[in-house]
Amino acid sequence: MDHAPTPSTRIPTAEHITSYPRFILRALWLATEGGVGFYLWMFVLTALMLVGLNAFAHQTAEGLAVTAMTDHVSWGMYIGNFTYGVGLAAGGVMMVIPAYLYRDKDMHDVVIVGELLAIAAIVACLAFVNVDLGRLDRAWHMLPIVGRFNWPVSMLTWDVVVLAGYLLLNLHVVGYLLYMRYLGRSPSKSWYLPFVFLSIIWAISIHTVTAFLYCGLGGRPFWNSAVLAPRFLASAFVTGPAFIVLTLQVIRHVTRFPVAEGAIETLLKILRVTVILNLFLVACEVFTQFYTGGAHVTSATYLFFGLHGHDALVPWIWCAIACNLTATAILLTASFKKHTGWITAACGLALMGVWTEKGLGLIVPGFVPSTLHEIVEYLPNQVEWKVSIGIAALALIVFTLGLKLAIAVFTGEMQRHDEPT
Amino acid sequence: MSDFTRRAALKVAAATVGAGACARALAPLQGWAATLTLEEFLQRHYKELSREQMERTLRRIEEQTLAQHGVQVDVADPRPLPDVQFAYALNLSLCIGCRRCAEACHEENNHDRATNNSYIRVLQLKKGSLSLDHAVVDYAGEVPAEGHFYMPVQCHQCDNPPCVDVCPVEATWKEADGIVVIDYDWCIGCRYCEAACPYHARRFNWSAPTIPPEEINPDQGYLSNRIRPAGVMEKCTFCLHRTREGRLPACLEACPTGSRVFGNLLDPDSDIRWVLENKRVFVLKEDLGTQPRFFYFFDK
């Protein structure tokens, strides 16, 4: 990433006033340029996003009654996806750590992919919490100063702070590095390195705080576990690298952006540790619940085996466990190490497994049985699926366009000196 | 035409189609947006409203109720009385599980008729255990059933309320007389309090409540039984629009067995003081440290 600055590319500070808007304009133009495959991809994503937007408009007009949530299971798929998204965002840091702390050259060249993933995932997270609000028109009540911000007592206010902070940190780092590259200048370390190191700590904090949202509730024994935050981090460090490996493989296929084998190798090495760590922590949780028994095990019994004939989540959780175990087995099999097909399958399975285990598998059993031991089941309905897919499409649009810009700048396709006059 | 301008024209065309599709997707919002007023949107938190602002707000709610439900109601804002600390006790030996308290709550508090909502849930438990594990809510048939006893559960107005701690916008708080309230005009509907409450005491308005006009209770309080907007939380307020004016909660008046005892803890001659001093009372889920103001006891 380090470029020797050439005198011809130096511009006076005042010129940023014109050159930065032009950079943004060119980025926007570039965002709508591409081949048939690109247009098709964006068309499908936009269509899906519109379907979600329409479902969300209905939900806003008619109330959250159109979802499958009830007073018994009062959080569902939206909050589950939010939790998963925070994990993806935090998982991006598994590129930042090797790139900046261990000065891994191969990773350094592609680290921007991890930072862009963080941005796209946070956008999705913010969307998921907002669609879950009963009164989106009052979201401003949550703003510090103009609203009434119950900080530091409410963990949700901490989450607002850390998520917004993480988004800004990554936007700054990505925006600064790309703009400098575009100008043909080498970035000044003091303008981004402190932010990169801050973002490493911040990544850990976003997922810790998200776990604290749940594990601090004494009335919900299923969540009331100290191992929840470590579990969240372990699974985040599964999904982040897995998603990035898949992304890097796509980038290799469809662009000229050089992705060194070393970067993928490093991510897979991380994955081989974190999939096991994640399974280990799940096992710790399951042991403590079932060996102790009593009231603490009823939710887990419901999740894994069903309770009094209610077993809506049983197939989901066993499917998740099967996905995680298969992904682990593939990743640890020496002969599959160089096999792109198997690696892709393992990453996909790990993403699916964690999504189920950490989404519906974590949120819903917290509410079943209810605090008065009533059993009301929940599975997301069509509205929730549509809105969720719409938000995922929105995040993929953000991710795609971010990658497109980054790749154009890094491969020299978009440079200041070849601006159209 | 150069390639560049043709591409630009195509992009403009695509953007126009996209914007049109977007407008179509958002069309259901039209009716919803029409119900929002700037005054409501900018309304401050309950504790920040001056007396005049509160008066205006109360009149606005009355007008809206008249417009939407066709009923003239009286919305007041009774404040906590000095030297009053409310508490409730329930005699489990007397309760027969008739659910008349839950029905009275439903009517008094202008609950949604479609969901048959109430702040009170009556649990049927087998004699011999206080464990809620085997509690039944949807019991039917003759009550009291042989070998069973009944435990009505409502908001315990905890002195250490987890629901208040978790609220990100301070839309819920504990009043000076011990009642935990919600500003329905400030709540954002995140339902974190509903997840935090260990007693299933909080409810969410999943849609706008429906009540036939003739069944609307016109005696309403801003913080208690006024008809709630869609998308906000609600909970038992010990009927503060009644109790702060010296009356008893609706659930107590409806109870045919005299199981319910309500009063001021600071009044040494009150029934509630007598119960707390003379009966071996207990609270639900004491181990959670929520310090409820709702006590249970057995006579025999």
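Treating the beta-carbon of each Lys and Arg as +1 and of each Asp and Glu as -1, no other charges, what is the dipole magnitude of the protein assembly as shown about its Cα centre, to the nearest 20 debye?
Using only the charged Cβ atoms, the result is roughly 2200 debye.
About the Cα centre, and with charges only on the beta carbon of Lys, Arg (+1) and Asp, Glu (-1), how big is the dipole of the range B:86-297? Nearest 20 debye, please.
380 debye
Once you wrap a convex hull around the alpha carbon atoms of chain A, what is its projected area averaged over all directions, in nm²?
22.4 nm²
Could you give me the percent of Cα pairs per 5 Å distance bin for the range A:270-421, shortest bin first, beginning at zero and ending with the bin that holds the maximum distance?
Here the calculated profile for the range A:270-421 is 2, 8, 12, 14, 14, 14, 12, 8, 6, 4, 3, 2, 1, 1, 0.
Roughly how far apart, in whole Å, are the Cα centres of the range A:75-94 and the range B:66-97?
The range A:75-94 and the range B:66-97 have Cα centres separated by 41 Å.
Mind checking the mean number of beta-carbon atoms from other chains within 10 Å of the Cβ atoms in A:147-156?
Shielding by partners across A:147-156 averages 6.
Which ordering of A:Tyr192, A:Tyr39 is given by a fewest-first count of other beta-carbon atoms within 10 Å?
With the sparsest Cβ surroundings first, the list reads A:Tyr39, A:Tyr192.
With no solvent and one point on each alpha carbon, what is the Debye value of log10 I(q)/I(0) for the range A:22-103 at q = 0.13 Å⁻¹?
Debye intensities relative to I(0), on a log10 scale: -0.81.
Assuming a viscosity of 0.692 mPa s and a temperature of 37 °C, what translational diffusion coefficient in µm² per second does Stokes-Einstein assign to the range B:65-202, Rh being the Kirkwood radius over Cα pairs?
188 µm²/s
Less than 21 Å apart at the alpha-carbon level, and either on another chain or at least 8 residues along: which lysines does that give for B:Lys174?
Cross-link targets: B:Lys47, B:Lys235, B:Lys285.
About its Cα centre, what dipole magnitude does the range A:19-416 give when the only charges are +1 on Lys and Arg Cβ and -1 on Asp and Glu Cβ, stated in debye to the nearest 20?
So the magnitude is around 1280 debye.
Please rank B:Ser93, B:Ser118, fewest neighbouring Cβ atoms within 10 Å first, as an exposure proxy.
Ordered by Cβ neighbours within 10 Å, fewest first: B:Ser93, B:Ser118.
If I build a Gaussian network model for chain B, linking alpha-carbon pairs within less than 10 angstrom, which residue out of B:Tyr184, B:Tyr139, B:Tyr88 has the largest mean-square fluctuation?
B:Tyr139
Among A:Trp223, A:Tyr166, A:Pro369, flag the residue with its Cα farthest along the positive direction of the charge dipole of the range A:19-416, charges on Cβ as +1 for Lys/Arg and -1 for Asp/Glu.
It is A:Tyr166.
Quick check on the range B:163-300: what are the equivalent-ellipsoid semi-axes from the Cα gyration tensor, as sqrt(5λ), descending, whole Å?
Working through the eigenvalues yields semi-axes of 28, 20, 14 Å.
Please list, or write none, the aspartates and glutamates whose alpha carbon is within less than 18 Å of the alpha carbon of A:Lys386, excluding same-chain residues fewer than 8 places away.
The qualifying aspartates and glutamates are A:Glu62, A:Asp132.
Please give the helix A:155-183 orientation as an angle from the longest Cα principal axis of chain A, in degrees from 0 to 90, rounded to the nearest 10.
Computed tilt is about 20 degrees.
Once both axes come from the Cα atoms, what is the angle between helix A:314-332 and the longest principal axis of chain A, in degrees from 0 to 90, rounded to 10?
Between the helix axis and the principal axis of chain A, the angle is about 50 degrees.
Hey, got the Cα dimensions of the range A:157-244 along the principal axes, in Å, largest first?
Here the Cα extents, ordered largest to smallest, are 56, 29, 15 Å.
Compare B:Val73, B:Val143, B:Val181 in a GNM of chain B, Cα atoms joined below 10 Å, and give the one with the largest fluctuation.
B:Val143
In which sequence would A:Leu267, B:Leu265, B:Leu130 go, from the one with the fewest C-beta neighbours within 10 Å to the one with the most?
Listed from fewest to most nearby Cβ atoms, that is B:Leu130, B:Leu265, A:Leu267.
Any idea what Rg and Dmax come out to for the range B:211-281 if you just take the C-alpha atoms, in Å?
15.2, 45
If one takes the longest principal axis of the Cα atoms in chain A, at what angle in degrees, from 0 to 90 and to the nearest 10, does the Cα axis of helix A:77-91 lie?
The angle comes out near 40 degrees.
What are the lysines whose alpha-carbon lies under 24 Å from the alpha-carbon of A:Lys337, with same-chain residues fewer than 8 places away excluded?
Cα-Cα hits under 24 Å: A:Lys105, A:Lys269.
Counting DSSP beta bridges in chain B, what percent are antiparallel, to the nearest 5?
Among the beta bridges of chain B, antiparallel pairing accounts for roughly 75 percent.
Toward the positive end of the charge dipole of the protein assembly as shown, about the Cα centre and with charges on Cβ (Lys, Arg +1; Asp, Glu -1), which of B:Gly231, A:Ser299, A:Ile122 goes farthest?
Going by the charge dipole, the pick is A:Ile122.
Taking chain B as a Gaussian network, Cα atoms linked when under 10 Å apart, which of B:Thr210, B:Thr65, B:Thr115 shows the biggest mean-square fluctuation?
Fluctuation is largest for B:Thr115.
For a test of the definition: using alpha carbon positions, the gyration tensor, and the 1.5 limit on a/c, classify chain B as rounded, prolate or oblate.
Judged from the Cα gyration tensor, chain B comes out prolate (a/c at least 1.5, a/b above b/c).
Please report the base-10 log of the normalised intensity I(q)/I(0) for the range A:94-165, using a Debye sum with one equal scatterer per alpha carbon and no solvent, at each q in 0.12, 0.24 (1/Å).
Taken in order of the listed q values, log10 I(q)/I(0) reads -0.49, -1.05.
Which value, in Å³ per residue, describes the convex hull spanned by the Cα atoms of the protein assembly as shown?
For the protein assembly as shown, the hull spanned by Cα atoms encloses 181 Å³ per residue.
Which far-off residues, 5 or more places away or on another chain, put their amide H under 5 Å from the one on B:Val153, with H placed in the peptide plane?
Sorted by chain and number, the residues that satisfy this are B:Arg121, B:Val122, B:Leu123.
State which stretch of chain B is the longest one without any exposed GluC sites (Glu not before Pro), exposure meaning a DSSP loop state and at most 15 other Cβ atoms within 10 Å.
My reading of the result: B:1-141 is the longest stretch.
Distance between the C-alpha centers of the range A:360-421 and the range A:304-340? Whole Å please.
Centre-to-centre (Cα) distance: 23 Å.
The numbers here are math on the coordinates, done by the rules we state, and not lab data. Computed from a predicted model, the values in this text were never measured in an experiment. Note that each Cβ is placed from the backbone with ideal geometry, even for glycine, and that neighbours are counted across all protein chains shown.
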